[in-house]
Amino acid sequence: MIWKKQQGLLLGWLGILLQLVVLTECAIRRQRIQKKNNTDAASFPSVRLHILDEYVVVHNGLVNVTLSNPGGMITGIQYNGIDNLLENDYKENNRGYWDVVWSKPEHPGDIYDKLEGTSLHVIKEDENQVELSFLKPWTSSNNVLPLNIDKRFIMLRGSTGFYSYAVFERLEGWPDINLSQGRMAFKLKPKLFQFMAVSDERQRIMPTSQDRERGQILDYPEAVLLTDPENSFLRGEVDDKYQYSSDNKDCQVHGWISTNPPSGFWIITPSNEFKTAGPVKQDLTSHAGPIALSMFFSTHYAGSPLIINFRDGEPWKKVFGPVFIYLNSVSEDDDPLTLWADAKEQMLIETQSWPYNFPMSKDYPYAEKRGIIAGRLLVRDSHINQRLISARAAYIGLALPGDTGSWQRENKGYQFWTQADDRGYFVIKGVRVGKYSLYAWVPGFIGDYKYNAYINVRPGNTIRLYNLVYDPPRNGPTLWEIGIPDRTAAEYFVPDPNPTLMNQLYVNHAEKYRQYGLWDRYTELYPEQDLVYKVGVSNYQTDWYFAQVNRNAGNKKYIPTTWQILFDLDDIDEQENYTLQLALASATDAELQVRMNDPGTETPLFSTGLIGKDNSIARHGIHGLYWLYSITVPGSLLHTGTNIIFLTQSRAEIPWRGIMYDYIRLEGSSESIGKQRRKQGKVSAPARNP
């Protein structure tokens, strides 16, 4: 007894010591960031602007940026004794630039536009700041992208980098168009920048564009087997830019490191308010070249639902950015990898400074012109807890008004997201003035929440929503479940890749699903019979393949697959209905058919129809768009003893047509919880706009 008490005291003291260590590290980090943030700008040289016939040069004694005049293309970046961080072998309009991919409804082929300006305007010029505007207006007399484009570049005193943002505008009555991609791109010197960092866990030496050109193209052009790279360490690896994609929420800083001289080039995204489709939209980051991207909108991992369509002369205006192009360096004696840690600290400074107080566009509101939303989200599910449950780590956000869950396909407005704390409390700061719906989803629960009233944000106001209650879809008690409802397939079995088609970064890695060719590994692991999962015996972490893909029958022929779920029931009420809750994490040109106990039934119990364009299987994602189906199962289709659910993905022309499951649950008879359901989104007190 005494020993147990001493052991408890010892563990308690160890816990306190660990907390003190963590707090000390956090305090030191905060001090470092505060010191870095409070550096007196006046101690640095003034910002200078030189306008020449064909170029504009902005410098502040730390970094020198050259842009074309009046195009606004970034032709040179001088820093840390390097004459140009960008690759001189590329044409001047192909080194650092904004671009858009668009099309006309009547001619669906993509048109690529680098948004070269036609006039230069100096917006601000003093010793502390220079802001430049490169305009590209549209008139009905030219056959180009019908948008007014205002590209902005900002350099501040004492800053080792520069900011860029753009205002896209359509006036009422302008021609119909489709926008499928908008971004900034930087092509760096391959002789210098060979080490890429996307996150703490995803950093590596990268191949060059020339290495890829000498390699072997695999199933699609983006995937290349490196057969003759300049760095022999890379020989035999697969390179694919989609292996380095990230969710919006995880993509606040990424870039490149040069070891000689030790220098870093980083793209810092201080806010995702201007990105489309919410916090879990995936997109490209940096990739072989070396290339660094700032993606503002695209169809990646979602497909055609995220094409921005304008019809019937619809007007529109949106500000993309600012993003910060951050440069850093260390001495020759220091470890170049510390540049990543410094870039992360600078990212924290930028995010804490958002919204910025220096961009000069009238379309960019400062903090005092924005609003705040605060509240608490609770979950009501009596089959888990008779009391309300705190929506721990819930994703809660504001987006344009729409249907429940529409935020993941919303692509024209601004979105503002946060995560709730352990008790479900949340605060969303820096919200632009406007009319929004409030949306949420809660890890551990299926479905989407939407608040039952619009949120009207006014300048400088705080809206308190108090207790919001989410009633997730539920028709009866859980009989069994597979997976974790978190909108990804990450918890399921992901195989090792073909050893001849590996990316060494992802060997024994938490994100091993980013390896190439995993779609064909299914056939190797299930050569004769498709997957069979026995509830109560099988383990979803080892026995449920992360994607239901097609079977490789040889000679480039693929055939459908049918998975089986076997489960036992002791008692059946044939007069009642059961519910199969089926949540999908991804779908690509797929059709999922559900049959109960009879695989030969011509008409399935349920079919999704043809769904999905996210292409997450081919692009090494673990999720795309989220789909939820509540399927009624008549008790007459079930029987006492062993039952079998047959899941058929019936579209099989190519290897990448398929689905990823998020979560599956069979619920008992609805009578077990009664027929009364309270309205989703009911609040205990009305919202107030003080």
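Can you tell me how many residues within segment 251-266 are of a type outside the set (A, V, I, L, M, F, W, C) and either within 19 Å of residue 184 (Cβ to Cβ) or in contact with a Lys or Arg (Cβ under 7 Å, 6 or more places away or on another chain) (or both)? Of the residues in that region, 4 qualify.
For segment 336-355, a residue qualifies if it is farther than 22 Å from residue 436 by Cβ, in contact with a strand residue (DSSP E or B) (Cβ under 8 Å, 6 or more places away or on another chain) and not in a helix (DSSP H, G or I), and the qualifying residues are 336, 337. Checked against the criterion of being open to solvent by 30 Å² or more (accessible area, probe 1.4 Å), more than 30 Å from residue 313 (Cβ to Cβ) and charged (D, E, K, R), the candidates 106, 131, 127, 116 yield just one match: 127. Restricting the first member to segment 486-504 and to residues that are farther than 14 Å from residue 548 by Cβ, and the second to residues that are among the aromatic types (Phe, Trp, Tyr), the beta-carbon pairs closer than 6 Å and six or more apart or on different chains are 487/626; 501/516.
Out of curiosity, is residue 516 within 14 Å of residue 647 (Cα to Cα), modelled with pLDDT of 95 or more, among the hydroxyl-bearing types (Ser, Thr, Tyr) and open to solvent by less than 40 Å² (accessible area, probe 1.4 Å)? Spelling it out, it is not the case that residue 516 is within 14 Å of residue 647 (Cα to Cα), modelled with pLDDT of 95 or more, among the hydroxyl-bearing types (Ser, Thr, Tyr) and open to solvent by less than 40 Å² (accessible area, probe 1.4 Å). Apart from one condition, residue 606 fits all of (1) in contact (Cβ under 8 Å) with a residue 60 or more places away in the chain; (2) open to solvent by 10 Å² or more (accessible area, probe 1.4 Å); (3) of a type in the set (A, V, I, L, M, F, W, C); the exception is (1). The lone criterion from (1) open to solvent by 30 Å² or more (accessible area, probe 1.4 Å); (2) touching a Ser or Thr at 6+ places or on another chain (Cβ under 8 Å) left unmet by residue 548 is number (1).
Going by the conditions given, is residue 326 out of contact with any His (no Cβ under 6 Å at 6 or more places or on another chain), in a loop (DSSP other than H, G, I, E, B) and among the aromatic types (Phe, Trp, Tyr)? The answer is no for residue 326.
In segment 67-87, the count of residues that are touching a residue at least 60 places away in the same chain (Cβ under 8 Å), open to solvent by less than 20 Å² (accessible area, probe 1.4 Å), within 28 Å of residue 362 (Cβ to Cβ) and part of a loop (DSSP other than H, G, I, E, B) is one or more.
At least 2 residues being surrounded by fewer than 17 Cβ atoms within 10 Å (Cβ to Cβ) and touching a Phe, Trp or Tyr at 6+ places or on another chain (Cβ under 9 Å) is the threshold, and among the strands (runs of 3 or more DSSP E) wholly inside segment 150-263 those reaching it are 203-205.
Residues that are crowded, with 21+ Cβ neighbours inside 10 Å, in a strand (DSSP E or B), out of contact with any strand residue (DSSP E or B) (no Cβ under 6 Å at 6 or more places or on another chain) and of a type outside the set (Lys, Arg) occur in segment 277-288; there is at least one.
Can you confirm whether segment 91-100 contains a residue that is polar (S, T, N, Q) and either within 30 Å of residue 313 (Cβ to Cβ) or touching a strand residue (DSSP E or B) at 6+ places or on another chain (Cβ under 8 Å) (or both)? Please lay out each step first, then the result.
The initial filter retains those residues of segment 91-100 that are polar (S, T, N, Q), namely 93-94.
In the following step, the residues that additionally are either within 30 Å of residue 313 (Cβ to Cβ) or touching a strand residue (DSSP E or B) at 6+ places or on another chain (Cβ under 8 Å) (or both) were identified as 93-94.
Scanning segment 91-100 turns up at least one residue that is polar (S, T, N, Q) and either within 30 Å of residue 313 (Cβ to Cβ) or touching a strand residue (DSSP E or B) at 6+ places or on another chain (Cβ under 8 Å) (or both).
For segment 238-258, filtering for residues that are touching a helix residue (DSSP H, G or I) at 6+ places or on another chain (Cβ under 6 Å) and polar (S, T, N, Q) leaves 2.
Can you list the strands (runs of 3 or more DSSP E) lying wholly within segment 375-471 that have 3 or more residues being of a type in the set (Ser, Thr, Tyr) and closer than 27 Å to residue 295 by Cβ? Walk me through how you get there before you give the answer.
Values: elements: 395-399, 416-419, 425-431, 434-441, 455-457, 462-470.
Correct list: 434-441.
Filtered by the rule that a residue be farther than 18 Å from residue 478 by Cα, open to solvent by less than 40 Å² (accessible area, probe 1.4 Å), modelled with pLDDT of 90 or more and outside any strand (DSSP E or B), segment 653-681 gives 655, 657. Taken together, 340, 266 contain a single residue that is of a type in the set (Phe, Trp, Tyr) and open to solvent by 10 Å² or more (accessible area, probe 1.4 Å), which is 340.
Among the residues of segment 300-316, are any buried (at least 18 other Cβ atoms within 10 Å of the Cβ), touching a residue at least 40 places away in the same chain (Cβ under 8 Å) and farther than 30 Å from residue 224 by Cα? Yes: segment 300-316 contains one or more residues that are buried (at least 18 other Cβ atoms within 10 Å of the Cβ), touching a residue at least 40 places away in the same chain (Cβ under 8 Å) and farther than 30 Å from residue 224 by Cα.
The values are calculated or read from the model by the stated rules, or taken from the named source; none is laboratory data. Quantities reported herein were computed from a predicted structural model and do not represent experimental measurements. Positions of Cβ are backbone-derived with ideal geometry, glycine not excepted, and every protein chain shown enters the neighbour counts. Side chains are part of the model used for accessible areas, which takes the heavy atoms of the whole protein and leaves out ligands, DNA and RNA. Shrake-Rupley method; radii C 1.70, N 1.55, O 1.52, S 1.80 Å.
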